[in-house]
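The values are calculated or read from the model by the stated rules, or taken from the named source; none is laboratory data. Remember, it's a predicted structure, so these values are computed and weren't measured experimentally. Using ideal geometry, Cβ is built from the backbone for each residue, glycine included, and neighbour counts are taken over all protein chains shown. These accessible areas exclude ligands, DNA and RNA; they are computed on the full protein's heavy atoms, side chains included. Shrake-Rupley method; radii C 1.70, N 1.55, O 1.52, S 1.80 Å.
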Amino acid sequence: MKFLMMVLGTQADYEGMRGKASEHSPAWTQEQLRAMYAYMSAINDDLTETGEMIDGQGLAEPASTRFVTADVDGKPVVRDGPYPDTAELLAGYWLLDCADLDRVTEIAARVAQCPGPEGIKEYPVVIRPVLEGAEDI
């Protein structure tokens, strides 16, 4: 089964990783940032080794996000960032091919243990099964 596993973050979280603390996020040290990247890289390496990794990427900060809708004439209506510090958006994802929901839940629990500075907000790791076709709805 294929699953999309996602982590969330805010603009304040990205600023914190740049060393800028706010009321919404502590400042990260370079050592803490390296530890986080090493931790996530080890997970990616393990998932690649088991053949469960299809793709995974970290995403740019929310301030570079665009929300696009269409007006009544079909022309794009664009809303850009930055967004309030509390607006959670997708910060990264893994597209995985796992035996079942129990296995991807085990992986998500490991991701949820990622190291960071004291006071960092804990976001849930989101798991969504990927539909194989319209008949899965």
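Taking the options Gly51, Gly16, Gly9, name whichever one is small (Gly, Ala, Ser) and open to solvent by 40 Å² or more (accessible area, probe 1.4 Å).
Gly51
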What is the number of the single condition among (1) touching a strand residue (DSSP E or B) at 6+ places or on another chain (Cβ under 9 Å); (2) open to solvent by 60 Å² or more (accessible area, probe 1.4 Å) that Cys98 does not meet? (2)
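Answer with yes or no whether Glu23 is surrounded by fewer than 20 Cβ atoms within 10 Å (Cβ to Cβ) and more than 15 Å from the chain's Cα centre (by Cα).
It is true that Glu23 is surrounded by fewer than 20 Cβ atoms within 10 Å (Cβ to Cβ) and more than 15 Å from the chain's Cα centre (by Cα).
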Considering only strands (runs of 3 or more DSSP E) fully contained in the range 31-137, which possess at least 3 residues that are more than 18 Å from Met6 (Cα to Cα) and without any contact (Cβ under 8 Å) to a residue 12 or more places away in the chain? 66-70
State which residue is nearest to Glu31 (Cα to Cα) when the search covers only the range 91-124 and only residues that are of a type in the set (A, V, I, L, M) and touching a helix residue (DSSP H, G or I) at 6+ places or on another chain (Cβ under 9 Å). Ile120
